[in-house]
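Here is the structure we will look at, set down as structure tokens.
What follows draws every value from the coordinates through simple rules; no lab data is involved. What you are looking at is a predicted structure, and each value in this text was computed from that prediction instead of being measured. Positions of Cβ are generated from backbone atoms using ideal geometry, with glycine treated the same way; all protein chains shown enter the neighbour counts.
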Amino acid sequence: MSIIQTATEKMRSLPPEKQQEVLDFIEFLQSQIAQKNTNIEQIEPISFLEAAQQFCTIINWSYIFFN
């Protein structure tokens, strides 16, 4: 028996208000996944040179502030 079949059988045995809670939780999990995917898609790739320049900028600022 698949996970979906097992979950469906167990959900059918619950009272309607508990079935709604299960559905709400599933929708919550889906929204978390969608949010993570959105965050990943918003990151634009940069070249190695740009990354190195950003790193050096951070290192220089930390040297100024912490030394």
Report summary line: A correct Karplus calculation of ³J(HN,Hα) over the range 27-34, with 6.51 cos²θ - 1.76 cosθ + 1.60, θ = phi - 60°, whole Hz and x for Gly and Pro, returns 5, 4, 4, 5, 5, 5, 5, 4
Report task. Please give, to one decimal in nm, the separation of the simple spin-label points placed at VAL22 and GLN35, each 7 Å out from Cα toward the Cβ. Result -> 2.5
